[in-house]
Amino acid sequence: YERYKIYNPNACEIQMDTVEGIKENNAPVLLTLEIVEINFLFIFKIDSQTIDEVTKKLYYFKDIIGEDTFNKIMEILLTDNGKEFINVEKIMEIFSKINIFYCHPYSSFEKGAIENNHEFIRRVIPKGISLKPYNQKDINLLCSHINSLFRESLNGKCPFDLIENYIPMDIVKKLELS
């Protein structure tokens, strides 16, 4: 990862993770993707914490934003060693242009940008609360609020102010974010 970033300093990085509600088999979770440079967060509710659910949602995301945009923003994908991400062959088979990297075990701080955005999610949905009552519309509203927060790290702008450098706003609206 470090070598890739040295030789490709302008590469777009996405961090990917899941946020659990309650810990039980086949419980829904939130799949989160963040464009690191601008802290723009995408949140998708998935039915269970499995590689099949993750790849299905990544296909959906790719279909909405288009292959060219998907390949542009998914140049680097940084995630953890969760059971839902560990099958790198399946991800690479489906999304061959992604350069996927994994954090070291027990080192979630290596993807600190997305972890910081998870704190905003937890203000609304605390740990241990089931995600079953929430639908994607609820999650989109939460996501839109998070992306509307002005940030010092973005020179007083919010992620929505900067997203068009990565994804056209009309496509972002197709994801029902505003």
Extension gain (nm, one decimal) between residue 120 and residue 96, 0.36 nm per residue minus Cα-Cα: 5.4 nm
Contact order normalised by length for the stretch 1-130, with contacts defined as Cα pairs under 8 Å and 6 or more residues apart; what percent is it? 29 percent
State the Cα centre-to-centre distance between the stretch 1-47 and the stretch 91-106 in whole Å. 11 Å
Angstrom value of the Kirkwood radius, inverse mean 1/r, which spans all Cα pairs in the stretch 66-163: 15.9 Å
Percent breakdown of C-alpha pair distances by 5 Å bin, ordered from the shortest bin, for the chain: 1, 8, 17, 22, 23, 17, 9, 2, 0, 0
Mean accessible surface per residue for the chain, computed with a 1.4 Å probe while every protein chain stays in place, in Å²: 53 Å²
Note down the relative contact order for the stretch 64-178 as a percent, whole number, built from C-alpha pairs under 8 angstrom at least six residues apart. 26 percent
Using a 1.4 Å probe and counting only protein heavy atoms, arrange 83, 127, 62, 72 so the residue with the most accessible area comes first. 127, 83, 72, 62
With point charges of +1 on the Cβ of Lys and Arg and -1 on the Cβ of Asp and Glu, referenced to the Cα centre of the stretch 25-71, which listed residue (33, 49, 61) lies farthest in the positive direction of the dipole? 49
Need one value: the accessible area of residue 1 in square angstrom, 1.4 angstrom probe, rounded to the nearest 10. 80 Å²
Quick one: net charge of residue 30's neighbours, Cβ under 13 Å, K/R +1, D/E -1? -2
Over the stretch 95-160, what is the mean sequence separation of C-alpha contacts under 8 Å (at least six apart), divided by residue count, expressed as relative contact order in percent? 16 percent
Pop a pseudo-label 7 angstrom from the Cα along the beta-carbon direction at both residue 1 and residue 164 and give the gap in nm to one decimal. 3.2 nm
Sequence of 92, 169 when ordered by accessible area, the most exposed leading, probe 1.4 angstrom: 92, 169
Per DSSP H run of at least 4 residues, take -39500 (n - 2.57); add these up for the chain, divide by its residues and hand me the 222 nm value, nearest 500 deg cm²/dmol. -11000 deg cm²/dmol
Counting each pair of different Cα atoms once, what's the Kirkwood radius of the stretch 80-132 in Å, rounded to one decimal? 13.2 Å
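The values are calculated or read from the model by the stated rules, or taken from the named source; none is laboratory data. Just so you know, these numbers come straight off a predicted model, no measurement behind them. No Cβ is skipped: glycine too gets one built from the backbone with ideal geometry, and neighbour counts run over all protein chains shown. These area figures cover heavy atoms from the full protein model, side chains too; ligands, DNA and RNA do not enter into them. Shrake-Rupley method; radii C 1.70, N 1.55, O 1.52, S 1.80 Å.
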